[in-house]
Each structure stands twice: as structure tokens, then as C-alpha cells.
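This report concerns only the one structure given below.
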Amino acid sequence: MYANYLLDRYKTAMNYIQDKQIAHDLNLPASRIYEMRKGKRYISDSEAVFMAEHANIDPKEALLGCHSDRNENPKIKQLWKDIAKKLNCQGIHAFTMTFLASGLMVTSLSGMISECALCTLC
């Protein structure tokens, strides 16, 4: 269940020990967190975004995970999970491309600097 993942990540990010600390931040009774962990209640969109931002999780991923939890239909639940996986793959792909592009820039820049240094020696 994505709710437990999100609650645990938020709890770790905030260095909390007890779930009632999460409840305090969300302005909820402590029993509500227990109900969320057991699947009796669901995390709202605003609560998911709030916790994701503080836990360094993409809010889009948090919303998709929470919507997957809310759905009883196994086929639709799987569709939500597939969308989340696709988003994660695209995020990693975009990060990799950015990283490679910055690496190429540094390589070409260092090449220009070494050429310039050689010119000064001549």
C-alpha cells in the first residue's frame, strides 16, 4: 500500500518517532493515521502533496500512489500503478539525459580551457 510508504518516508524525513507526530502536522486525530495504515481511510490529495514535498518525493508520484490505493477495481488499480511506473521511468530518463548533457558541456569546456592554456605557453 502506497499510504504506508508515504507515511514512512515523511516520518523519516521529519525525524519523527511516532505516527501521532504526523497526525499533528496534518491536523488530524492520531487514530486517523492508524486508519490510513490499515486501509480503512485514505490520504487526501492535499495531505499526499504536503507529505511528498517534505519527504523529497515527487508530488505527482504521491498522487498517483494514493489514487491507486483508493481504487477497489484491480484492473484500474494496476493502471494507476503502470502510470506511476511510466512517470518514474521518464523522470529517470530525463535525469540521465540532463546528467549526460552536463557532462558533455564540462568535457568541451575543459577542452577549450586546455587549448587556451596551450596558446598562452606558445
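The values are calculated or read from the model by the stated rules, or taken from the named source; none is laboratory data. Since we're looking at a predicted model, the values are computed, not measured. Please note: Cβ atoms are built from the backbone with ideal geometry, for glycine as well, and neighbour counts cover all protein chains shown. Surface areas here come from the heavy atoms of the whole protein model, side chains and all, with no ligands, DNA or RNA. Shrake-Rupley method; radii C 1.70, N 1.55, O 1.52, S 1.80 Å.
Under the condition of being farther than 20 Å from PRO59 by Cβ and surrounded by fewer than 14 Cβ atoms within 10 Å (Cβ to Cβ), the residues counted in region 1-23 number 3. A search for C-beta distances below 6 Å between a residue of region 18-44 that is farther than 16 Å from TYR2 by Cα and of a type in the set (A, V, I, L, M, F, W, C) and any residue that is open to solvent by 50 Å² or more (accessible area, probe 1.4 Å) and part of a helix (DSSP H, G or I), counting only pairs 6+ apart in sequence or on different chains, returns ALA23/ALA30; ALA30/LYS20. Of all residues in region 38-54, those satisfying the criterion of being farther than 17 Å from LEU87 by Cβ and open to solvent by less than 50 Å² (accessible area, probe 1.4 Å) are GLY39, ILE43, SER44, GLU47, MET51.
Right, ILE76: of a type in the set (A, V, I, L, M), modelled with pLDDT of 80 or more and under 16 Å from TYR5 (Cα atoms) or not? Working first, answer last.
Numbers: of a type in the set (A, V, I, L, M): yes; modelled with pLDDT of 80 or more: yes; under 16 Å from TYR5 (Cα atoms): no.
No, not satisfied.
Going residue by residue through region 55-66, is there one that turns out to be open to solvent by 70 Å² or more (accessible area, probe 1.4 Å) and modelled with pLDDT of 95 or more? There is no residue in region 55-66 that is open to solvent by 70 Å² or more (accessible area, probe 1.4 Å) and modelled with pLDDT of 95 or more.
Among the residues of region 1-43, none is identified as part of a loop (DSSP other than H, G, I, E, B), among the basic types (Lys, Arg) and over 29 Å from PRO74 (Cβ atoms).
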